[in-house]
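The values are calculated or read from the model by the stated rules, or taken from the named source; none is laboratory data. None of these values were measured; they are calculated from a predicted model. All Cβ positions, glycine included, derive from the backbone under ideal geometry; neighbour counts span all protein chains shown. Ligands, DNA and RNA are stripped out before the accessible areas are found, and what is left, the full protein with its side chains, is counted by its heavy atoms. Shrake-Rupley method; radii C 1.70, N 1.55, O 1.52, S 1.80 Å.
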Amino acid sequence: QVQLVESGGGLVQAGGSLTLSCAASGGTFTDYAIGWFRQAPGKEREFVATIASWVSNVMYADSVEGRFTISRDNAKNTVYLQMGSLKPEESAVYYCAASRLWTTGQAQYDYWGQGTQVTVSS
């Protein structure tokens, strides 16, 4: 079992930046790709970014490409999501999740954190 805990959410003005963290425990961190997803009120949860387990291959949703950066520190069992030029419509609960596959598909992620709220004010 892998436990994931997100942190770093909060309130930020439009155009601002925020960095989220996802701390993992209970498993072999390097066995898993880690993805970030988000869910806004009344909307379906959507893919944001993912990073592979060992090599730092990454993928981003088109909507965040060039503004968000995902990275991982395997020594600290932590994945980060640096978010820049934030928009009000990106206000959502942000979740990290773990998968043995490097994929954008939510169904392939076996373990999920509780989420952290990001609110972008206009």
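Test VAL64 against the stated conditions and say whether it is part of a loop (DSSP other than H, G, I, E, B), aliphatic (A, V, I, L, M) and within 14 Å of the chain's Cα centre (by Cα). First the steps, then the outcome.
Working: part of a loop (DSSP other than H, G, I, E, B): yes; aliphatic (A, V, I, L, M): yes; within 14 Å of the chain's Cα centre (by Cα): yes.
In short, yes.
Please work out which residue is surrounded by the fewest Cβ atoms within 10 Å (Cβ to Cβ), limiting yourself to segment 1-36 and to residues that are under 15 Å from ARG67 (Cα atoms) and within 11 Å of the chain's Cα centre (by Cα). Once the filter is applied, the top-ranked residue is THR19. How many residues does segment 85-97 hold that are surrounded by fewer than 17 Cβ atoms within 10 Å (Cβ to Cβ) and not in a loop (DSSP other than H, G, I, E, B)? Result for segment 85-97: 2.
Among residues of segment 72-84 being in contact with a Ser or Thr (Cβ under 8 Å, 6 or more places away or on another chain) and either open to solvent by 40 Å² or more (accessible area, probe 1.4 Å) or over 18 Å from GLY113 (Cβ atoms) (or both), the one that is modelled with the lowest pLDDT is ASN74. Among the residues of segment 68-82, those identified as of a type in the set (S, T, N, Q) and either within 11 Å of THR50 (Cα to Cα) or part of a strand (DSSP E or B) (or both) are THR69, SER71, THR78, GLN82. Residue pairs whose Cβ atoms lie under 6 Å apart, sitting 6 or more positions apart in sequence or on different chains, and linking a residue in segment 49-63 that is farther than 18 Å from TYR94 by Cα to a partner that is open to solvent by less than 50 Å² (accessible area, probe 1.4 Å), are ALA52/ALA33; SER53/THR30; SER53/TYR32; SER53/ALA33; TRP54/THR30.
Annotation note: Cβ proximity below 6 Å between a residue of segment 73-88 that is closer than 15 Å to SER121 by Cα and of a type in the set (S, T, N, Q) and a residue that is modelled with pLDDT of 95 or more and surrounded by 13 or more Cβ atoms within 10 Å (Cβ to Cβ) (sequence gap 6+ or interchain) occurs for SER85/ARG67.
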